[in-house]
Amino acid sequence: EAAPPGILVWLIASSAAVARLPDATLNCILFNSIWFALAALYIFITPRIFARAHHATIGIGVLALTALYWFAGSIAVAAQYHGCGSSNTCHVIQASAAFGFFLWAIFTGLAIMEGLAGRSYGSKTSRV
């Protein structure tokens, strides 16, 4: 599950020097990828190994925050290169924005499903 953010960081980093992508945008995407790894540990590993340390409400918050971070990062990338032309670098940047929006949609969906599951089964049961 860590492959899409890793691909995204590679895509951005491989074209950042050529495209002169601002450091703030690159740092945002890098932060999103690191945050994703930490969030994935809490959301997917903690309930199975350290069940007492996991709480569904915190899980919903982590998922929602991750979705927000990916949305903001994708907007930052898309805003920098919304009509940059037909160069290879431009296509890499556009693919990076698309991956970011895809991850935003995944985490938004997971947060909604987790919220509905918590509402149906009580706040102590996680269904992710």
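Obtain the nm distance between the two label points defined at Ala72 and Cys90 by a simple spin-label model: each point lies 7 Å from its Cα along the Cα-to-C-beta direction.
Inter-label distance under the simple model: 2.9 nm.
State the extension gain, in nm to one decimal, for the chain segment bounded by Ala98 and Leu65, taking 0.36 nm per residue of separation less the distance between their alpha-carbons.
Extra length available between Ala98 and Leu65 comes to 10.0 nm.
Probe radius 1.4 Å, ligands and nucleic acids ignored: give me the carbon and sulfur share of the accessible area of region 59-112 as a rounded percent.
In region 59-112, the share of accessible area belonging to carbon and sulfur is 74 percent.
Principal axes first, then extents: for the Cα atoms of region 18-70, list largest minus smallest coordinate on each axis, whole Å, largest first.
Reported extents, whole Å, longest axis first: 47, 18, 10.
By how many nm would the segment from Leu116 to Asn27 lengthen if fully extended, with 0.36 nm per residue of separation less the alpha-carbon distance?
Values: separation 89, 0.36 × 89 = 32.04 nm, distance 3.31 nm.
28.7 nm is the gain from fully extending Leu116 to Asn27.
The values are calculated or read from the model by the stated rules, or taken from the named source; none is laboratory data. Just so we're clear, the structure is a prediction, and the values are computed from it rather than from any experiment. Please note: Cβ atoms are built from the backbone with ideal geometry, for glycine as well, and neighbour counts cover all protein chains shown. Each accessible area value is taken on the protein alone, full model and side chains, heavy atoms only, with ligands, DNA and RNA left out. Shrake-Rupley method; radii C 1.70, N 1.55, O 1.52, S 1.80 Å.
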